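In what follows, a structure is listed as structure tokens, so that the remarks can point back to it.
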Amino acid sequence: MTDYLLHPDLVVELLRATDDPRRNALVRRAREASDGLWLPVAAMGEIISRLAGSLPGDGTQSRRAARAQLAAFARDYTWLAAPSGDGALLAHDDWLERQVYDGLERLGPGARVVVSRDAPEGAVTLDALLAEEASPGNIPFIDLPYQQRRIRDRVEHGLLKVLAHGRYIGGPEIDELEQRLAKIAGVRHAVAVSNGTDALLIALMAAGVKAGDEVVTSPFTFAATGEMILLLGARPVYVDIDPRTYNLDPALLAAALTERTRAILP
């Protein structure tokens, strides 16, 4: 998976040539390889102004049409936000170019700027990119960047709200999360904790697990399952998994139960 940031010059070129087959080819290629396609939000006004200059109508009409074209084009892309610190780039004559390459750094190692022609270091021309064979490469076991890309606008909006009110523990977002989780689970209350390990711990505590107890669980699990049982002084009792579901095999459960069994973690 590679992230590609389109240079504003290329965006304007593709918007002006609505019948350019490379537009759809780029999107198809990115989907096949699970690549990310990005547009620099700081260049939005520049792109609209330059595109409007080539459209019919007065200034208001042409800018409205240009805005609509850009909005439709951007549906297949993710907007790369400009952090507050990017305002300092206005001191540079090439501020927009600097913003593009600063944005490239935020996308991380391996990201590339896609340009129309004369690719500088760290960039690739659109034609050269389309000529490359698209390959998904290694598929990560947990692909957080891909998941984040789908909801990045909501993630960034939420993070900025948290930074603004400064309540990093027990803020209003936690209240909302707990209410929504309780509704999904069909219960009166839900308690959010910092991680899954703590969730296991408080569940075992709520079930009254204490030193000397036994907790039946599966060996096919993350280490925290057994660790939290041991932390409370209890003994984990392992039952093999059902080969169809990979959860604890109910058919083997009865033989593992004793008078000291306090809980079952399936």
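The values are calculated or read from the model by the stated rules, or taken from the named source; none is laboratory data. From a predicted model like this one, the values you see are computed outputs, not experimental measurements. In this analysis, Cβ positions are derived from the backbone assuming ideal geometry, glycine residues included, and neighbour counts consider all displayed protein chains. Only protein heavy atoms, including side chains, enter the accessible area calculation; ligands, DNA and RNA are left aside. Shrake-Rupley method; radii C 1.70, N 1.55, O 1.52, S 1.80 Å.
Data overview
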{"item": "Residue pairs meeting the criteria (Cβ under 9 Å; at least 6 apart or on separate chains; first among the hydroxyl-bearing types (Ser, Thr, Tyr), in the stretch 164-190; second open to solvent by less than 60 Å² (accessible area, probe 1.4 Å))", "result": "TYR168/VAL162"}
{"item": "Tally, over the stretch 91-145, of residues that are closer than 20 Å to ALA25 by Cβ and either open to solvent by 60 Å² or more (accessible area, probe 1.4 Å) or not hydrophobic (A, V, I, L, M, F, W, C) (or both)", "result": "11"}
{"item": "Matching residues, the stretch 236-262, being out of contact with any Gly (no Cβ under 8 Å at 6 or more places or on another chain) and under 17 Å from MET205 (Cα atoms)", "result": "THR261"}
{"item": "Close pairs from the stretch 196-220: first in a helix (DSSP H, G or I), partner among the hydroxyl-bearing types (Ser, Thr, Tyr), Cβ under 8 Å, at least 6 apart", "result": "LEU200/THR225"}
{"item": "Residues of the stretch 4-26 satisfying the condition of being crowded, with 16+ Cβ neighbours inside 10 Å and among the β-branched types (Val, Ile, Thr)", "result": "VAL11, VAL12"}
{"item": "Among the candidates THR258, THR245, residue that is surrounded by fewer than 13 Cβ atoms within 10 Å (Cβ to Cβ), of a type in the set (Ser, Thr, Tyr) and in contact with an Asp or Glu (Cβ under 8 Å, 6 or more places away or on another chain)", "result": "THR258"}
{"item": "From the options GLU227, GLU178, GLU173, GLU156, residue that is acidic (Asp, Glu) and within 30 Å of SER116 (Cβ to Cβ)", "result": "GLU156"}
{"item": "Residue, nearest to MET228 (Cα to Cα), within the stretch 173-194, restricted to residues that are open to solvent by 70 Å² or more (accessible area, probe 1.4 Å) and within 21 Å of the chain's Cα centre (by Cα)", "result": "SER194"}
{"item": "Any hit, the stretch 132-154, residues being in contact with a Gly (Cβ under 6 Å, 6 or more places away or on another chain), in contact (Cβ under 8 Å) with a residue 12 or more places away in the chain and not β-branched (Val, Ile, Thr)", "result": "yes"}
{"item": "Condition met for ILE229 (in a helix (DSSP H, G or I), open to solvent by less than 40 Å² (accessible area, probe 1.4 Å) and either of a type outside the set (Phe, Trp, Tyr) or touching a residue at least 60 places away in the same chain (Cβ under 8 Å) (or both))", "result": "yes"}
